[in-house]
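Taken together, the values in this text are just the output of simple stated rules run on the coordinates, not laboratory data. The structure presented is a predicted model; accordingly, all values stated were derived computationally and were not measured. With ideal geometry, Cβ positions are generated from the backbone for all residues, glycine too; neighbour counts draw on all protein chains shown.
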Amino acid sequence: MTEQTTFAPCPKRKQCGGCQLMHLPYARQLERKQARLEGLLGRFGPVAPIAGMARPYHYRGKVQAAFGVDGRGRIISGVYQSGSHRIVCVDDCLLEDETADAIIVSIRRMMPKFKMTAYDERRGRGFLRHVLVRRSASTGEVMVVLVATEARFPLQKPFLAALLDAHPEITTVVLNINDAFTPLVLGKREKTLFGPGFIEDELCALRFRISPASFYQVNPAQTELLYRTAIGFAALTGRERVLDAYCGTGTIGLAAAGSAESVAGVELNRDAVRDAIANARRNGIRNAWFTCADAGQFMAQCAREGERCDVVFMDPPRAGASAEFLESLLLLGPQRVVYVSCNPETLARDLGRLTRGGYRAERIQPVDMFPHTEHVETVVLMSRVKE
Ligand code: SAH
């Protein structure tokens, strides 16, 4: 049987390269991810059927558009072509939040009237480099971050008024200054132009603050499922000392805090740690602490000091956990480790190390956080078998 597409795939699919699987119907995409995970993780235990989305479109609550100029000097916006810095013009994307896309198009159309130029990468000139929009589906709050090369622009006030008039759903606008020759989107300096400078999202019955630079999962519906799965695997009784490693803004640890004795979170990004502390306070959680440090070094210190730790949540970036982290984890010897992974290859490598160190995989649950792309998130419960 030949494979059928369920809808006309995105016309920009080939140029953009962001959706590697969009040519397949969603059910086939899920089968493919499942087979890949079984190949990589099957030797550790049975892989549960991947949890997909009922409506796998417009799920990205964070949208980032690059701004530039075309050959004729006109302002364009869109995404960088995979592996290059060529801008593919995109006004509406099947994965992105529709409100966020509409705001970006409005900004581009308003720019000439307010004498705002777009950054010309080749010449290293111009004002607006990127626009980042985050919308919380649960609270409806919308943050717009204008990434520009300068801290002020002459028609800032009337531009803001016009933007807020066109999009009253915007709750905060931040100007981020990035004047460096860098592939990084955000610069270090920022100035809040309107509202509080952050938005709040509601997840697992808690409120979380999201700042421009902090890491926050982009697919809210599936994130809730992911966290609930992870916390369910931990089987907390209220007596456990929990460590949330690579904790970001503290989401997993804080959602687990109500069923634990205490939660310690560790995270490298200073802004995210600040948000995590604010999130604990905002939700009246008094048994959670957060430290800004490398997770491996923090674990090594906990192991040296003979800390008691019953459950570890770990949610490392794509590179997986460091060797120092894994060795220290084995020294700490928690009863259960719940590994949340965005990269099954490094997950398989790390599970190999933990398995040799006396742990056994009890549950493996994939969650499809990024339909139409190759990415897949997996939650694994490991239990200590050796005393
Ligand atoms: N658990 C969080 C964040 C997961 S993303 C959530 O679900 O939202 C991975 C996080 O690891 C990022 O916030 C990143 O800043 C952090 N990180 C990357 N390298 C790190 C390291 N060496 N030590 C501690 N945190 C690190």
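Values for this structure:
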{"item": "Three-way shape label, region 135-289, alpha-carbon gyration tensor, a/c 1.5", "result": "prolate"}
{"item": "Phi to ³J(HN,Hα) by Karplus 6.51 cos²θ - 1.76 cosθ + 1.60 over region 318-334, Hz, x for Gly, Pro", "result": "4, 5, x, 7, 6, 4, 4, 4, 5, 4, 5, 4, 5, 5, 5, x, x"}
{"item": "Among 349-358, 226-235, 128-137, the order from most to least packed when residues are scored by Cβ within 10 Å on average", "result": "128-137, 226-235, 349-358"}
{"item": "Under Karplus coefficients 6.51, -1.76 and 1.60, residue-wise ³J(HN,Hα) of region 51-67 in Hz, glycine/proline x", "result": "8, x, 9, 5, 10, x, 10, 6, 8, 7, x, 10, 10, 10, 10, 8, 10"}
{"item": "Per-q log10 I(q)/I(0), region 154-241, q = 0.13, 0.14, 0.18 Å⁻¹ (Debye; single scatterer per alpha-carbon; no solvent)", "result": "-0.66, -0.73, -0.97"}
{"item": "The chain: relative contact order in percent, alpha carbon pairs under 8 Å with at least 6 residues between", "result": "15"}
{"item": "Leading residue at positive end of dipole, region 228-387 (Cβ point charges), from THR229, GLY258, ALA293", "result": "GLY258"}
{"item": "Label-point gap, in nm, between ALA27 and ALA205 - each point 7 angstrom along Cα→Cβ", "result": "3.6"}
{"item": "Net charge of Cβ neighbours under 10 Å - reference TYR216; Lys, Arg +1; Asp, Glu -1", "result": "+1"}
{"item": "Counting all C-alpha pairs of the chain, share separated by more than 35 Å (%)", "result": "31"}
{"item": "Protection-proxy order for peptides 238-251, 301-314, 261-274, each taking the mean of Cβ atoms within 10 Å per residue, highest first", "result": "238-251, 261-274, 301-314"}
{"item": "The chain, dipole about Cα centre (Lys/Arg Cβ +1, Asp/Glu Cβ -1), debye to the nearest 20", "result": "780"}
{"item": "Overall form of region 299-350 per C-alpha gyration tensor (a/c, 1.5; a/b vs b/c)", "result": "prolate"}
{"item": "Stokes-Einstein D (µm²/s) once Rh is taken as the Kirkwood radius of region 287-374 over alpha-carbon pairs, at 20 °C in 1.002 mPa s", "result": "153"}
{"item": "Of all DSSP beta bridges in the chain, antiparallel share, percent nearest 5", "result": "60"}
{"item": "In Hz, Karplus ³J(HN,Hα) per residue of region 283-297 (6.51, -1.76, 1.60; θ = phi - 60°; x = Gly, Pro)", "result": "9, x, 9, 10, 10, 10, 10, 10, 10, 8, 6, 6, 4, x, 5"}
{"item": "Region 1-123, relative contact order [Cα under 8 Å, separation at least 6], %", "result": "22"}
{"item": "Separation of alpha-carbon centers, region 1-80 and region 318-387, rounded to whole Å", "result": "24"}
{"item": "Estimated FRET transfer efficiency (TRP289, PHE194; beta-carbon r; R0 30 Å; 0.05)", "result": "0.35"}
{"item": "Cα shape, region 231-387, gyration tensor, a/c 1.5 rule", "result": "rounded"}
{"item": "Residues of type lysines that LYS14 reaches as a straight line, Cα spacing below 27 Å, ignoring anything fewer than 8 places off in the same chain", "result": "LYS33, LYS62"}
